[in-house]
Structure formats: C-alpha cells, structure tokens
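Here is the structure we will look at, set down as structure tokens.
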C-alpha cells in the first residue's frame, strides 16, 4: 500500500560516486559550495523533513565523509561502482526493519529545496501512487517517457535512448519516493543489460508500471533545483545560484547589498537590518553581523561577530575569532585575528591586531602591529580602555597597556605600560652634520681613475 505524508520516512542519500570529472584528490561530495560541502546541502534538505532514518551511501573517501558527518546519519558502503541501483541496494541493511516510505536523494544536488520534497510527499499521499518522482522541464541525462495517455511509463538514459526519446524535454532528476518494501523488491529485479553495464535505479519506474502500480511525477517549477554537480564549472554554477538565494533572503530582511552579483556570502551568515554591504565583499563561516553596519568594498570577514554600527573597510580583513564591539571602526588594509575589540575602538588603516583584548575607545595608529607570534608560540596582548597607540608601534606580546596609556609613534613595547603613562621605546635621534657632502665626495673620488685629467670633459654624472 502506498504511504502518505504522515507515514514514517527514511531518506537515502547516494554519495558514493567517484566524481572523476572533478579531477580531484578528494570525494566530490566534500567539495564546498557557498560555505558548505555538497553533501551538507542534501542533508539539510533531508533533515528538514524530520525523517526517522537518514542513510548516506558512501564510496570513495568514505572514511573522510563519515568523519565529516559523524552523528548526522547512518552510513552504508558501496564497495563496487555498479550504478545508482547498486548504490541504493547498499542501504538495504540499514533499513532491514523499516516499513515506511523511502526518499532517494543524491549528495551532489545542492539546490534541491526541502519544500519541494515536502510537496513530493503530498503528491504521493494525495494520489496513492506507488512511486512518486521529481522531473525537470529541461532535459537531463535521463528522460521521462510517457504513454499515449500522458502517464509515466519508464525512464530512459540518454546512452540507451532512441532519437525520438532524445527529443523528449522532460528530464528525470533521479529523486524517488516509494515504500521500502517496493524499493528493494524492485531493485532485486534490476539487471545490467544496458550500454553502461550498470544497475540503473531508474529501472524501478518501468517495473512499477509493469505491475500496474501508478507512478506520478512532480515537475519542478525551477529546473535549477535539479542541477547535479559533476565538474568544477557546475560547482561554480551551483555556487552562484545559492549565493543568489542567500542574497535575496538577506535583502528581504532589510540588508542592502549594493551589487548582489559581486557579493559572496556563505550560508549561515546572519546580518542585521540596515546594514550595507558594498561590492567585492566575502563573508564566510558562522559570522554574525549586527544592525546598521557599513561594510565597504573588498572586505573579507571569516567566522566573526560584528556588533551594531561598526564601519569596516575598504579592504579590511577579519579572521576567525574576531569580535568587534558596537561602533568600532576598522579601516583599509587592517587585519584583525582572534581578538575582542570593545565599543568605539578605532584602527583606521594599515594595522594588524592579533590575539588581543582591546578596551573601549582605544585606537591604533597607521602601521601599528600586535606582535603575537614569537616563532614558537602565540601570546595575547591586553589593551585597556582609552589607550592611544601611535603610528608604527610594535606591541610585543605578551604585553599589557593599562587604562589611558599612550604609546609614542615608532615605539617597540615589550613590558607593561601603567595607567595614563606615555611609553617611548625607540633609539635616540642623532644628527651627523655634513654627512651627505662627505659621502658625495667619496663617491666622486672612487670614480676617478689614476692619471685621469682633472679638467675639461663632459658634465659630471652626479650634477
């Protein structure tokens, strides 16, 4: 009996493909797009359905895939690469005692939406179909063949298709929903008599029809959802589509993206309303950005927290672990790493702040550097509130600048600066009078060979 949207659900994600066209040393499903591995997108879509079981079929680099997604799913292994039907069979042991419906997905289709899968479940429940599948309005490597009455009859792969079948526009996505018992019973009857010599999962459609069991197809409104990633070019195409979705959601929530097509924001990034992001910015990882922030062109933010009213860039860089307090200002070519900056802190240009805790309203002059690495270990620097750090200052960690301290330009500070004190740590200036003239005379003397006439001749090369 066909299941329904309320029936128990298991999801099987096929992620064992070799990915040979990626020309990569790692599994295809571990390649990242919009901040997540390909397989992560499929798992997120599956998890949105709250399935009773989630099974991932792995192959190449199976251990790395298991390690990356440990605790998210059960894993089954496809030891031989004999096609999609063979891969689905590998999940049978993980579903031996399961009696609900099974949804078959793929680890390389990051654009498939959870809402589309919920609609597929509603279609099957509403029609009583033995098998419900997703189809695309655009041609895919498999074509959906229908009978004269317009009912789904079978799926044909392009490698086995006739010229008439190749002309069919409706593509097969390979996403199927059916009862577990039917899935594995039909898979046992699938053979490899085709040009690829493989066990095609698509053959179960024809087997269902042969038994007189109804098959229904849900045609995607957005064919982009069916994009499978097999090459680097398709990876880039998927990334562009996902970034468009991310950008649309952010703009709908009150964020201004000056040029969405040239703004690169990962999934999971949170940005508050009235924040403005200029072109060329890259925002990655679990970054949280507050309201009213201005992120100027070509700024890079990685796994950081930015509170309300901060101004960043242009061309600033926040590395992981950075936390910027309300109203702080990080200017052009300033890099901050693993540091917490209090409200109103300023570093307007050409500075590096690494592994530091900085109090409110402190400021860093142009060229100031927190020297956090000794070559052996990294140490933290503490700068309390209202500290002024002059231009071209080195703060050699571990060092502590207390409240209201000043550091003179050009200083290299290696020890504590007391509250309100002025630290000057640089060599005393000494002026040597007449130095330039004496050096010039020495250079001229060296150029004259013995016996050379002292008068006449051309102009002095140094004149």
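What follows is calculated from the coordinates using simple rules that are stated; it is not laboratory data. In this text, all values refer to a predicted model and were calculated from it rather than measured experimentally. Reconstructed Cβ throughout: ideal geometry from the backbone, glycine too, with neighbour counts over all protein chains shown.
Data table
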{"item": "Relative contact order of the chain, defined on C-alpha pairs under 8 angstrom at six or more residues apart (%)", "result": "9 percent"}
{"item": "Residue-averaged 222 nm ellipticity for the chain, from DSSP H runs of 4+ at -39500 (n - 2.57), nearest 500", "result": "-6000 deg cm²/dmol"}
{"item": "Length gained when the stretch residue 82-residue 432 is fully extended (0.36 nm per residue, less Cα-Cα span)", "result": "117.7 nm"}
{"item": "For the chain, projected area of the alpha-carbon convex hull averaged over all directions, nm²", "result": "36.5 nm²"}
{"item": "Inter-label distance for residue 164 and residue 193, nm, one decimal - labels placed 7 Å from Cα along Cα-to-Cβ", "result": "2.1 nm"}
{"item": "Sorted by Cβ neighbour density within 10 Å, fewest at the top, the residues 63, 385, 433, 101", "result": "433, 63, 385, 101"}
{"item": "Reference-scaled alpha-carbon Rg (2.2 N^0.38 Å with N residues) for the stretch 165-258", "result": "1.53"}
{"item": "For the stretch 341-391 and the stretch 412-441, distance of Cα centres in Å", "result": "22 Å"}
{"item": "Separation in nanometres of the label points that stand 7 Å from Cα toward Cβ, at residue 245 and residue 26", "result": "2.1 nm"}
{"item": "Tilt relative to the chain, helix 114-127 - C-alpha long axis, 0 to 90 degrees, to 10", "result": "10 degrees"}
{"item": "Cα centroid separation, the stretch 207-258 to the stretch 92-146 (Å)", "result": "14 Å"}
{"item": "Footprinting exposure proxy for 374, 136 (fewest neighbouring C-beta atoms within 10 Å first)", "result": "374, 136"}
{"item": "Extended-chain gain in nm, criterion 0.36 nm per residue less alpha-carbon gap, residue 219 and residue 8", "result": "73.6 nm"}
{"item": "Rg and Dmax [Cα atoms of the stretch 254-423; Å; Rg one decimal, Dmax integer]", "result": "15.8, 50"}
{"item": "Taking 339, 411, 315 and counting other C-beta atoms within 10 Å, the order from fewest to most", "result": "315, 411, 339"}
{"item": "Globularity ratio of the stretch 1-136, using Cα Rg and 2.2 N^0.38 Å", "result": "1.03"}
{"item": "Stokes-Einstein translational diffusion, the stretch 9-226 - Kirkwood Rh over all Cα pairs, 1.567 mPa s, 4 °C, in µm²/s", "result": "74 µm²/s"}
{"item": "Helix 232-252 axis, angle to the chain major axis (alpha carbon atoms, nearest 10°)", "result": "80 degrees"}
{"item": "Projected label distance in nm at residue 348 and residue 319, using a 7 Å step from Cα toward the beta-carbon", "result": "2.6 nm"}
